[in-house]
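Asks: The structure is given below, and queries will be raised subsequently.
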Amino acid sequence: MRRFIGIFLFLMSITWCEARHFSTVVIDPGHGGRDGGAYWGGVKESTLNLIVAQKLAYELKSRGIKTVLTRKSDITVSKSRRCEIANKYPNSIFVSVHFNAHTNKSIKGIETFYLSSEGRKIASQVQPRLISNLKCKNRGIKQRSLHVLSGTNSPAVLVELGFISNSAERARCSTQWYKTVAARVIADGLMKYRKQP
Ligand SMILES: [Zn+2]
């Protein structure tokens, strides 16, 4: 019995290692095409998501990591299709990029969602870096059974990079600086997760 437990723990450790020492990041720019996501003050969420996702791909490639985008232009991609794409890549992690909105225009800040325990570890590396570098209100990391988190086999997170329904935050989110820094520090967080023992 002890031998079986030993083998089980060994196999689990291989799985964990693979998850952390990922070779590919599947980057998912939320919405697109017929679904523009949130739209406030002339700013469309799907456009912001794609720009940050492309910058994130650039940052990761420069660190020697392979990247896959679930969309590369303003096209409609279903949530199921996004999961299908992600599940084609073994030894990968999944990062969905979004901006937020609320009918209460005073609400602002950044939050990161996860579902699995490995997802939580990624969120724990990404969220604090976003807060300290972008100087935004910390809405924390939250466990949520979102479609792209439950439908993907790999460790996955969904980042909500600020509320475009808040006029001050929308102005900041729209700058090149904000999108570039967001992408860079998400990449930093993923690399830190990858190096964890
Ligand atoms: Zn969204």
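The values are calculated or read from the model by the stated rules, or taken from the named source; none is laboratory data. It should be emphasised that the depicted structure is a prediction, and the values quoted were computed from it without experimental measurement. Note: ideal-geometry Cβ built from the backbone for every residue, glycine included; neighbour counts use all protein chains shown. For accessibility, only protein heavy atoms count, side chains too; no ligands or nucleic acids. Shrake-Rupley method; radii C 1.70, N 1.55, O 1.52, S 1.80 Å.
Asks: On the basis of being within 19 Å of Ala101 (Cα to Cα), at pLDDT 95 or above and in contact with a helix residue (DSSP H, G or I) (Cβ under 7 Å, 6 or more places away or on another chain), does Ile122 make the cut?
Replies: no
Asks: Same structure, new question: Across the stretch 33-56, what is the number of residues that are near the ligand (Cβ under 10 Å from one of its atoms) and in a strand (DSSP E or B)?
Replies: Of the residues in that region, 1 qualify.
Asks: If you check every pair at least six apart or on different chains, which have Cβ atoms under 8 Å apart with a residue in the stretch 36-47 that is of a type in the set (Ser, Thr, Tyr) first and a residue that is outside any loop (DSSP other than H, G, I, E, B) second?
Replies: Pairs that qualify, where the first residue is of a type in the set (Ser, Thr, Tyr) and the partner is outside any loop (DSSP other than H, G, I, E, B), are Tyr39/Glu45; Ser46/Pro29; Ser46/Gly32; Ser46/Asp35.
Asks: Let me ask something else about it. Answer yes or no as to whether Ser80 is hydroxyl-bearing (Ser, Thr, Tyr), more than 13 Å from the ligand (Cβ to nearest atom) and at pLDDT 95 or above.
Replies: yes
Asks: What's the number of the condition Phe8 fails, among (1) within 23 Å of Pro197 (Cβ to Cβ); (2) modelled with pLDDT of 95 or more?
Replies: Phe8 satisfies all of (1) within 23 Å of Pro197 (Cβ to Cβ); (2) modelled with pLDDT of 95 or more except (2).
Asks: For the stretch 34-58: of the residues being of a type in the set (Gly, Ala, Ser) and open to solvent by less than 50 Å² (accessible area, probe 1.4 Å), which is nearest to the chain's Cα centre (by Cα)?
Replies: The selected residue is Ala53.
Asks: Follow-up. Filter the stretch 66-78 down to residues that are part of a loop (DSSP other than H, G, I, E, B) and more than 15 Å from the chain's Cα centre (by Cα) and give me whichever is surrounded by the most Cβ atoms within 10 Å (Cβ to Cβ).
Replies: Of everything passing the filter in the stretch 66-78, Val77 is surrounded by the most Cβ atoms within 10 Å (Cβ to Cβ).
Asks: Additional query: Which residues, counting only those in the stretch 152-197, are open to solvent by 30 Å² or more (accessible area, probe 1.4 Å) and either of a type in the set (A, V, I, L, M, F, W, C) or within 24 Å of Arg81 (Cα to Cα) (or both)?
Replies: Asn153, Ala168, Ala171, Trp177
Asks: Let me ask another. Could you list, ordered by first residue, the pairs with Cβ atoms under 7 Å in which the first is in the stretch 168-194 and within 11 Å of Lys55 (Cα to Cα) and the second is open to solvent by 30 Å² or more (accessible area, probe 1.4 Å) and assigned to a loop (DSSP other than H, G, I, E, B), at least 6 apart or interchain?
Replies: What qualifies is Ala187/Arg63.
Asks: Please tell me if Arg63 is within 16 Å of Val185 (Cβ to Cβ), charged (D, E, K, R) and away from the ligand (no atom under 12 Å from the Cβ).
Replies: Answer is yes for this residue.
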